[in-house]
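Below: the structure, in structure tokens.
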Amino acid sequence: MKIALMDSGIGLLAATAAVRRLRPDADLVLSLDPDGMPWGPRTPEDLTRRAVAVADAAAAHRPDALIIGCNTATVHALPTLRARLEPAIPVVGTVPAIKPAAAGGGPVAIWATPATTGSPYQRGLINDFADGVTVTEVPCFGLAEAVEHADESAIDDAVTAAAALTPLDVTTVVLGCTHYELVAERIRAAVQRPDFPPLVLHGSAGAVAAQALRRLGEQPAPGAEAKGTLTVLLSGREGKLPEPALAYAEGRLLHAVSPAQ
């Protein structure tokens, strides 16, 4: 089994690590776009063009499924990529985990990029899945960029600023950008209030990995032999994981257990 994941940068690491934990025997293809990142400031049309190029590079390696490991790319490019690649290659998008977060009753904070915060897309998810729950949208200025470059000081500053915008009574935080899952425990530490129940964080990586297996009719097999290979594509060129990826546990996991391809 071969599963490809795509993103402009290392935000796909969380979903990649989740796939690796569920199926250590699966071959992985990571298709990144260092020449075109970041995707967030691009127009939807331009972002879709970049996403198609990155997806085509992954598809050339004939994966059984493709995961879009980016919330923004899912919003703008998912219909185009599905029309282009399915049914030969099932395409799985990444959606903020607002539905399971709201099921807990809230109050809920959704940490997301400034471009996503307040967008019709995110507001639609809130209206569909969080009716009757108190939801605060929190723009996280510079956090995705800081995580992408493993800039420790900038991560601390961005997390602190977003925590200051998060209401004191929040019990649940949705990590609405895949980069944020790489610093989830730092977010927890910044938002957790003394004498409050443990904060609940909702990311998308585990659900996305599980959905990819379901689309393929496969079952999790975490005890399978760790023989899956790792291929990294950088704007279509074969390369290696960007150095900042190794600053995170998810990147180190892939580096440690995946033979180079």
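The values are calculated or read from the model by the stated rules, or taken from the named source; none is laboratory data. Just so we're clear, the structure is a prediction, and the values are computed from it rather than from any experiment. Don't worry about glycine lacking a Cβ; one is built from the backbone with ideal geometry, like all the others, and counts go over all protein chains shown. For the accessible areas, the whole protein counts, side chains as well, though only heavy atoms, and no ligand, DNA or RNA atoms are used. Shrake-Rupley method; radii C 1.70, N 1.55, O 1.52, S 1.80 Å.
Of note:
- Segment 84-229: C-alpha gyration tensor shape, a/c 1.5 cut-off, then a/b vs b/c: prolate
- Under the convention that each Lys and Arg Cβ holds +1 and each Asp and Glu Cβ holds -1, the size of the dipole of the chain around its Cα centre is about 680 debye.
- Our summary gives segment 15-101 a relative contact order of 27 percent, counting only alpha carbon pairs under 8 angstrom and 6 or more residues apart.
- Selection from VAL54, ALA109, SER119, by position along the positive dipole direction of the chain (Cβ): VAL54
- Computed log₁₀ I(q)/I(0) - Debye formula, equal Cα scatterers, no solvent, segment 158-207, q 0.17, 0.30 Å⁻¹: -0.47, -1.33
- Long-range Cα-Cα pairs in segment 154-261 (distance over 25 Å), rounded percent: 40
- Residue-normalised accessible area of the chain, expressed per residue, 1.4 Å probe, Å²: 43
- The relative contact order of segment 119-192 comes to 30 percent, based on Cα pairs under 8 Å that sit 6 or more residues apart.
- Taking only protein heavy atoms and a 1.4 Å probe, the accessible area of segment 141-261 is 57% carbon and sulfur.
- Rounded to 10°, Cα long-axis angle of helix 44-59 versus longest principal axis of the chain: 40
- Taking amide H positions as modeled 1.01 Å from N, with prolines and chain starts lacking one, the residues under 5 Å from GLU137 and 5 or more places away or on another chain are ILE110.
- Beta bridge orientation in the chain: antiparallel %, DSSP, nearest 5: 10
- Extent along the principal axes, Cα only, for the chain: 48, 36, 35 Å, with the longest axis given first.
- Taking the chain and dividing mean pair separation by its residue count, relative contact order in percent (alpha carbons under 8 Å, at least six apart): 28
- Inter-centroid distance (Cα atoms) of segment 43-91 relative to segment 94-119, Å: 23
- Cβ-defined net charge surrounding LEU253, 14 Å radius [Lys, Arg +1; Asp, Glu -1]: +2
- In the chain, a dipole from Cβ-located charges (positive for Lys and Arg, negative for Asp and Glu) runs towards its positive end, and of GLY9, ALA26, VAL183 it is ALA26 whose Cα lies farthest in that direction.
- For segment 5-146: rounded, prolate or oblate by the Cα gyration tensor [a/c cutoff 1.5]: prolate
- Whole-percent carbon and sulfur share, accessible surface of segment 44-129, 1.4 Å: 55
- Cα gyration tensor of segment 64-121 - equivalent ellipsoid semi-axes, whole Å, descending: 26, 14, 8
- Residue order for SER204, SER235 - accessible surface, 1.4 angstrom probe, largest first: SER235, SER204
- log10 of Debye I(q)/I(0), alpha-carbon scatterers only, for segment 14-75 at 0.14, 0.21 Å⁻¹: -0.44, -0.89
- Using θ = phi - 60° in the Karplus curve 6.51 cos²θ - 1.76 cosθ + 1.60, the 3J(HN,Hα) couplings for segment 155-169 round to 4, 4, 5, 5, 5, 4, 5, 5, 4, 5, 8, 9, x, 5, 8 Hz; x is entered for Gly and Pro.
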